[in-house]
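The values are calculated or read from the model by the stated rules, or taken from the named source; none is laboratory data. If you're wondering where the values come from, they're calculated on a predicted model, not measured in any experiment. Every residue, glycine among them, receives a Cβ derived from its backbone with ideal geometry; neighbour counts consider all protein chains shown. Heads up: the accessible areas ignore ligands, DNA and RNA and are worked out on the full protein's heavy atoms, side chains in. Shrake-Rupley method; radii C 1.70, N 1.55, O 1.52, S 1.80 Å.
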Amino acid sequence: METLTFRHTTTKPLGGTTSQAITGVVASGNLEVLLERILAPDSCEIAIETPINGFGDVWEAVVADFVARAQPGGLRISINDGGARPDTVSLRLLQGARLMEA
Amino acid sequence: MALPDPNAVSWYEATARQRLSAFLDAGTFVEFLGPAERRMSPHLPLFDLPRAFDDGIVTGRGTLDGKPVLIAAQEGRFMGGAFGEVHGGKLVGLLRAALDVKPDAVLILLDTGGVRLQEANAGETAIAETMRAIVDARAAGVPVIGLIGGRSGCYGGGGLIAGTCSRLAVSESGRISVSGPEVIETNKGAEEFDSRDRALVWRTMGGKHRRLIGGADAYVDDSVSAFRAAALDLIGHAPAFDLATLDAEQARLESRLVRFGDCRDATEIWARLGVNDPDAIPSMTTAAFAETVAGVTEASHDAR
Amino acid sequence: MTLAEILASLFPDGHSVVVENGLVTGGGSLDGHPLHVVGIDGTTPLGVDEALTLSAAVLEAIRAGDRAPILVAIDSDSQRMSRRDELLGLNECLAHLAKSLLLANHSGHPTIGLIYGHSAAGAFIATALATRVLAALPGAHPSVMDLPSVARVTKLPLDKLEDMAKSTPVFAPGLDNMVATGAVHVVLDPGKPLDGQIRNLIGNLPQGDHRDRLGRERGGRPAAQDVAARVAEQARGA
């Protein structure tokens with residue numbers, strides 16, 4: 001298992017008022033994403049637990065891309081990974097952000 | 001947030017959380033020990049396995065057509081929905097609370113391969129605790145309804161839990177059995193059970209067979225709305241947990257062994273139950289199957 | 001201990017217990033009060049036929065209305081793994097046996113499990129684990145699944161599992177681990193007469209299900225009790 005944590009500063013908080021959401025399932029090729037609106041409005045933290053070691057730079061890139069697109073200020077995002085591909089990770093992160101914007 | 005249309009949501013394809021949100025009255029679900037509390041398995045990291053925030057089971061309360069219920073849904077895609085220590089503890093706690101809360105029913109959306117082998121002793125013991133808690137709830141007059149139609153079916157100790165419930169609703173994919181096909185094949189050989197023969201698996205363990213022999217009380221389409229309608233109906237017709245019920249179950253099961261004990265295949269049993277064209281059962285529509293079931297005396301009873 | 005030795009130690013004045021096709025039924029007198037005995041001997045698998053024979057004996061004891069204790073003596077295989085048993089609804093038959101034992105307890109019969117040999121998986125749940133209190137004799141070896149099978153399913157090397165089993169009671173087969181998890185309440189002393197030890201158990205039956213508390217105290221199930229309590233607490237809070 002490998003634990004990765006990324007912290008970002010955003011230009012704005014994520015819209016909406018939902019305080020918490022979860023999407024996805026921990027299964028082969030899939031992941032679950034838990035989002036909690038508990039940080040300062042310009043901060044975002046993404047913590048990942050993954051059974052596949054050695055892909056830190058791929059995660060870093062996927063997370064940076066998501067932060068740039070969604071501007072998820074205020075969110076702590078926690079991921080349990082089941083070995084998902086980067087495109088699945090991106091999809092779940094954006095799904096999660098949409099749930100929080102509701 | 002727009003809720004999904006329960007008519008359109010496949011029970012088999014949905015996650016545990018999707019099933020719950022479409023199954024209960026909109027907006028009524030309140031989760032207990034939810035994912036943000038992060039009560040994850042203390043054991044899976046020893047095996048280098050990923051954990052889930054809810055350990056593969058969602059527990060909470062809500063209403064069903066206005067009736068207050070306690071409810072648990074297993075996530076069949078995480079570790080095969082199997083019982084680990086935390087997973088089992090959540091279900092046990094929910095059932096124990098039913099004695100005080102006195103809901104109209106406890107609903108268990110079973111989707112499980114049985115015991116999680118990485119936590120085998122904890123899972124096995126939790127299954128025994130679950131069965132005791134179900135019996136305690138039933139004895140106190142709270143119906144416990146099992147709903148089975150997920151990817152992982154209902155195997156191992158999950159099958160025993162199903163047999164302890166007041167009532168069961170099952171869909172075609174809702175396989176119920178103790179030993180799974182692969183377990184039988186591994187231990188007794190492919191001549192005894194060819195686990196790759198999917199038609200054999202469905203005939204022997206699938207929802208239609210269980211419904212016909214009286215192992216389940218309702219057979220439903222693979223949709224959340226169908227399970228919801230069945231659950232509402234079954235809550236109103238739960239047998240008591242007493243000596244009369246178990247005496248009747250003893251007689252029912254003994255009679256089954258006498259009548260069908262020499263059958264090699266489910267189709268032989270269906271023929272003896274009076275089904276005109278047993279070979280047509282697997283491909284039958286739900287409506288046609290309901291008509292067939294209506295003609296089978298053994299299928300419907302209060303002996304559970 | 002063998003079943004014969006157990007019965008001799010339990011009923012010094014004789015008993016009516018018989019073993020037929022591996023199934024144990026009958027009874028005896030403990031301190032002048034009746035004690036029913038049901039069970040499974042000779043590492044016999046528990047299939048649909050066996051389960052219904054045992055449940056019939058349990059229901060008959062309930063019908064007698066004497067509230068006499070029921071001893072469930074266990075040396076079984078796992079559930080019988082066969083196409084016929086599953087076809088005929090093994091899950092219903094095993095659950096029915098467990099429910100019969102649980103009903104007996106609800107009806108005032110103390111139920112005491114005694115595992116003196118093997119038991120596994122569904123057979124263990126339907127018999128020993130459905131009693132109010134479960135005792136074991138040294139040498140008993142309950143399990144969920146043997147380590148080679150665990151290795152096959154988990155795809156972990158057997159030697160690694162054997163190594164882990166030494167320090168991790170939660171998954172490894174064996175009596176000590178089932179004691180640690182709280183499933184087995186107590187290990188009896190085969191050097192002392194069993195009648196007194198069983199009488200003692202009957203006199204001090206736990207009220208409610210305390211297996212998760214035992215599991216926490218003994219370290220084999222560190223989380224279960226707290227998790228169940230937390231969920232129950234949240235469920236009770238309106």
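Observations on the model:
- B:Asp48 open to solvent by 10 Å² or more (accessible area, probe 1.4 Å), of a type outside the set (S, T, N, Q), at the interface with chain C (Cβ under 10 Å from one of its Cβ atoms) and at positive phi: yes
- When segment B:235-255 is filtered for residues that are part of a helix (DSSP H, G or I) and open to solvent by 10 Å² or more (accessible area, probe 1.4 Å), the ones remaining, listed by number, are B:Ile235, B:Leu243, B:Ala244, B:Thr245, B:Asp247, B:Ala248, B:Gln250, B:Ala251, B:Arg252, B:Glu254, B:Ser255.
- Positions within segment B:54-83 being under 24 Å from C:Gly220 (Cβ atoms), in contact with a Leu (Cβ under 7 Å, 6 or more places away or on another chain) and of a type outside the set (A, V, I, L, M), in sequence order: B:Thr59, B:Gln74
- From the list B:Glu129, B:Glu191, the lone residue that is in a loop (DSSP other than H, G, I, E, B), among the acidic types (Asp, Glu) and either within 11 Å of chain C (Cβ to nearest Cβ) or in contact with an Asp or Glu (Cβ under 7 Å, 6 or more places away or on another chain) (or both) is B:Glu191.
- Residue within segment B:57-76 that is at pLDDT 95 or above, open to solvent by 10 Å² or more (accessible area, probe 1.4 Å) and under 30 Å from C:Arg152 (Cβ atoms) present: yes
- The residue pairs whose first member lies in segment C:155-183 and is more than 7 Å from chain B (Cβ to nearest Cβ), whose second member is among the charged types (D, E, K, R), and whose beta carbons are closer than 7 Å, counting only pairs six or more residues apart or on different chains, are C:Pro173/C:Asp146; C:Val179/C:Arg218; C:Ala180/C:Arg218.
- Listed by first and then second residue, the pairs with beta-carbon distance under 6 Å, at least 6 apart or on different chains, first residue in segment B:263-289 and within 13 Å of chain C (Cβ to nearest Cβ), second modelled with pLDDT under 95 and in a loop (DSSP other than H, G, I, E, B), form an empty list.
- Hits in segment A:31-81 - residues which are open to solvent by 30 Å² or more (accessible area, probe 1.4 Å), over 12 Å from the mean Cα position of the chain (by Cα) and facing chain B (nearest Cβ under 10 Å): A:Ile38, A:Pro51, A:Ile52, A:Asn53
- For segment A:23-41, the set of residues classified as assigned to a loop (DSSP other than H, G, I, E, B) and either under 10 Å from A:Ile79 (Cβ atoms) or touching a Pro at 6+ places or on another chain (Cβ under 7 Å) (or both) consists of A:Val26, A:Pro41, listed by residue number.
- Helices (runs of 4 or more DSSP H) completely within segment C:1-105 that count 2 or more residues being under 24 Å from B:Gly189 (Cβ atoms): C:48-64, C:83-87
- Options A:Gly56, A:Gly24; residue that is farther than 25 Å from B:Gly76 by Cα and in contact (Cβ under 8 Å) with a residue 40 or more places away in the chain: A:Gly56
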